[in-house]
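See below for the structure under consideration.
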Amino acid sequence: MDSSSNLAIETAGLVKQFGSQRAVAGISLSVPRGSVFGFLGPNGSGKTTTIRMLLGLADVTEGEITLLGNSIPKDLDTALPKVGALVEGPAFYPYMSGRNNLFRMDAADRNSDAKTRASRVDAALDRVGLTNAASKKVHAYSLGMKQRLGLANALLKPRELLVLDEPTNGLDPQGTREVRNLIRSLASEGITIFLSSHLLSEIEQLCTHVAVMSAGSIVAQGSLAELRSHGQSRLIAKVDDVDKSVELLQAQGFAKIKISGDQLTTPADAELDVAGINQLLVKNKIGVSEIRLEHPSLEEYFVDLTGEGFEVVR
Amino acid sequence: MFAKSLGLSLMLSELKVMFTRRRTWAMLFAIALIPILLATAVYLSADRLAPGEGPPFLDRVTQNGLFTGFTAMLLAMPLFLPLTISVVAGDTIAGEAGLGTLRYLLIAPVGRARLLVVKYLGTIAFTLAGTFTLMIAGAIIGAIYFPVGPITLLSGDVIQIPEALWRMALVALYTTVSMMGMLALGLFISTLTTIPVGAMTGVLIASGVSQILDNLPQLSWLHEWLFTHYWLDFADILRQPMELSSFGSNLLLQLGYIAFFGALAYGRFTSKDILS
Ligand SMILES: Nc1ncnc2c1ncn2[C@@H]1O[C@H](COP(=O)(O)OP(=O)(O)OP(=O)(O)O)[C@@H](O)[C@H]1O
Ligand SMILES: [Mg+2]
């Protein structure tokens, strides 16, 4: 078998053009089966547009998509029943109950079995903790309840892949935690999860793999560990004799030492033997009040990649 | 076979969505009000109405309550019925797009062509409900206010009550068929927008324009191609023997509109980006 069969989602040179704007500018995603794949990017970077193309909602301007081994859009009907999705927030008929909304969505799927419908709907409601509110009309739902109902809709059938576009949007901390736990438990069942978010912390907590989007392009992609290793670790030391310490550190090969007051900061290897450096300083009669190795946070890396500004890029 | 390929279960679900909606019942109620208001007005002013005055049949309503439904249908056809129906027809795709449920139906996956067919059949179901509501409400209120008996037709022949009820049902069916072209137009317009009110307005304007054109003698060559052209010809059902030639032409015309706008709707909807 070729390597692509290990991928739940694969795109090659995927482009979406809106008028003169390239909302998605040629991205090549590789989402391994069984991974929890974070699709990270600031507002307007093209996450939702990519997801719409993956699910056949929007046409591909250029490029190829393979979804669970099926070529999209050609074999959409084979792929979609195995995919549950939440795209740009939940959407329901406000004048119908949560349960009836799920009945409706399940009836829309020509492959779904009407005989098991009621039990599947109840199981999905139970899974997201909505059983008690199931017969309430959706217009009386809070945003968090709608978000849960959206997840229940994605879980109406056993799925191989869940595509979740900002699933914790609008949830309170409690709800956020519950949704994260739900995602973890789904992942532990072997379901591949493709999770878009602009929240780094969310991706860091949940994901095994990440792709970082910026203005329509992927600027980094790989396992979380790989991405972490991209940034530069730093040695930080607070000493009573700055000049002598700098001399000693330079002798050890450290460069670009920054001094602020009694604190030294210098780029360092991630595996640096900090205790050894400490001993060296102390042996030279330098008082060390603090010494530590700081690993790059994914956040800094993310900001480096996507630009720091709060302004939407385009 | 039908159940599997089209999805009986989707059709039922479509009807359920339509008829759990309060708006649907409000519109049916408003339709029922037409014969009720008509009969009440006639009842309260019966002696002042000279034969032949007012809309056709109006003077007959006092003599025979069974005429109420026919008269109400004549009043409702030009504007009120198209108005309620355009709400439903404009809502088909645009309503789902506006709510955002369209994207979830499509990834279910519902199949775009299948969804169009089911949506279209749903609007026909509403139209049937509307026309029957009007005729039934007419018969009931007519029977309450006025005497009921064998009907004297336009041709002078007399038909008995069961035959009259059967012809009322035929009128409801005829008017439903008359609306099918407009429903197809509505379905198409509905694929063009995510704002149901916009689609509804488009349908209504089209029906208004079509009726105006139908009244311009200079455009007589165009008349038989207008989807509103046969709208009032259900009166032929009240002749003895029933005059059904207009029904045949009407059916052909409506099928033509269905084919044309159905194809446009299909072409548009199956290639459209769903971005709502
Ligand atoms: N229907 C459309 N027509 C034109 N441009 C669009 C359309 N939809 C999206 N865009 C543009 O495409 C770009 C990407 O939008 P997209 O919704 O994919 O961003 P996103 O990453 O999902 O952002 P967010 O985090 O805000 O959800 C944006 O610049 C947006 O303006
Ligand atoms: Mg988005």
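Set side by side, the residues B:ARG103, B:ARG112 differ, and just one is within 14 Å of another protein chain (Cβ to nearest Cβ), under 26 Å from the mean Cα position of the chain (by Cα) and at pLDDT 90 or above, which is B:ARG112.
Scanning segment A:210-246 for residues that are among the aliphatic types (A, V, I, L, M) and in a strand (DSSP E or B) yields A:VAL210, A:ALA211, A:VAL212, A:MET213, A:ILE218, A:VAL219, A:ALA220, A:LEU235, A:ILE236, A:ALA237, A:VAL239.
Number of residues in segment A:33-73 that are in contact (Cβ under 8 Å) with a residue 12 or more places away in the chain, open to solvent by 20 Å² or more (accessible area, probe 1.4 Å) and either within 16 Å of ligand 2 (Cβ to nearest atom) or not in a loop (DSSP other than H, G, I, E, B) (or both) equals 9. Screening the candidates A:VAL163, A:VAL179 for the property of being assigned to a strand (DSSP E or B) and under 23 Å from A:ALA8 (Cβ atoms) yields one hit, A:VAL163. Picking from residues in segment A:149-168 that are buried (at least 20 other Cβ atoms within 10 Å of the Cβ) and more than 18 Å from A:LEU125 (Cα to Cα), the one that is modelled with the lowest pLDDT is A:GLU166. Residues in segment A:88-142 that are more than 10 Å from every other protein chain (Cβ to nearest Cβ), open to solvent by 70 Å² or more (accessible area, probe 1.4 Å) and touching a residue at least 40 places away in the same chain (Cβ under 8 Å): A:ARG127, A:HIS139. With respect to (1) within 16 Å of ligand 1 (Cβ to nearest atom); (2) surrounded by 18 or more Cβ atoms within 10 Å (Cβ to Cβ), the lone exception for A:SER201 is condition (2). Within segment A:15-43, the set of residues being within 14 Å of another protein chain (Cβ to nearest Cβ) and either touching a Ser or Thr at 6+ places or on another chain (Cβ under 6 Å) or among the small types (Gly, Ala, Ser) (or both) comprises A:VAL15, A:LYS16, A:GLN17, A:GLY19, A:ALA23, A:VAL24. Annotation note: of B:LEU244, B:LEU238, the sole residue that is open to solvent by 30 Å² or more (accessible area, probe 1.4 Å) and either away from every other protein chain (no Cβ under 14 Å) or more than 23 Å from B:THR175 (Cα to Cα) (or both) is B:LEU244. Here B:VAL209, B:VAL110, B:VAL148, B:VAL197 are screened, and the one residue that is touching a residue at least 40 places away in the same chain (Cβ under 8 Å) and part of a helix (DSSP H, G or I) is B:VAL197. Being in a loop (DSSP other than H, G, I, E, B) and either of a type in the set (Gly, Ala, Ser) or more than 16 Å from ligand 1 (Cβ to nearest atom) (or both) is the requirement here; does A:ARG110 meet it? Yes, satisfied. Scanning segment B:68-103 for residues that are open to solvent by less than 10 Å² (accessible area, probe 1.4 Å) and either of a type in the set (Phe, Trp, Tyr) or not in a helix (DSSP H, G or I) (or both) gives B:PHE70, B:MET77, B:GLY100.
For B:ASP157, are the conditions met, namely being within 14 Å of chain A (Cβ to nearest Cβ) and either over 18 Å from the mean Cα position of the chain (by Cα) or surrounded by fewer than 22 Cβ atoms within 10 Å (Cβ to Cβ) (or both)? Spelling it out, it is not the case that B:ASP157 is within 14 Å of chain A (Cβ to nearest Cβ) and either over 18 Å from the mean Cα position of the chain (by Cα) or surrounded by fewer than 22 Cβ atoms within 10 Å (Cβ to Cβ) (or both). Every listed requirement among (1) buried (at least 23 other Cβ atoms within 10 Å of the Cβ); (2) without any contact (Cβ under 8 Å) to a residue 40 or more places away in the chain is met by B:LEU58 save one, (1). No other residue among A:LEU227, A:LEU164 is touching a strand residue (DSSP E or B) at 6+ places or on another chain (Cβ under 7 Å) and within 16 Å of ligand 2 (Cβ to nearest atom) apart from A:LEU164.
Does A:GLY175 meet the test of being away from ligand 2 (no atom under 16 Å from the Cβ), assigned by TED's automatic domain parsing to the domain that holds A:GLY89, surrounded by 18 or more Cβ atoms within 10 Å (Cβ to Cβ) and farther than 19 Å from A:SER112 by Cα? Spelling it out, A:GLY175 is indeed away from ligand 2 (no atom under 16 Å from the Cβ), assigned by TED's automatic domain parsing to the domain that holds A:GLY89, surrounded by 18 or more Cβ atoms within 10 Å (Cβ to Cβ) and farther than 19 Å from A:SER112 by Cα.
The values are calculated or read from the model by the stated rules, or taken from the named source; none is laboratory data. Since we're looking at a predicted model, the values are computed, not measured. As a convention, Cβ positions derive from the backbone with ideal geometry for all residues, glycine included, and neighbour counts pool all protein chains shown. Ligands, DNA and RNA are stripped out before the accessible areas are found, and what is left, the full protein with its side chains, is counted by its heavy atoms. Shrake-Rupley method; radii C 1.70, N 1.55, O 1.52, S 1.80 Å.
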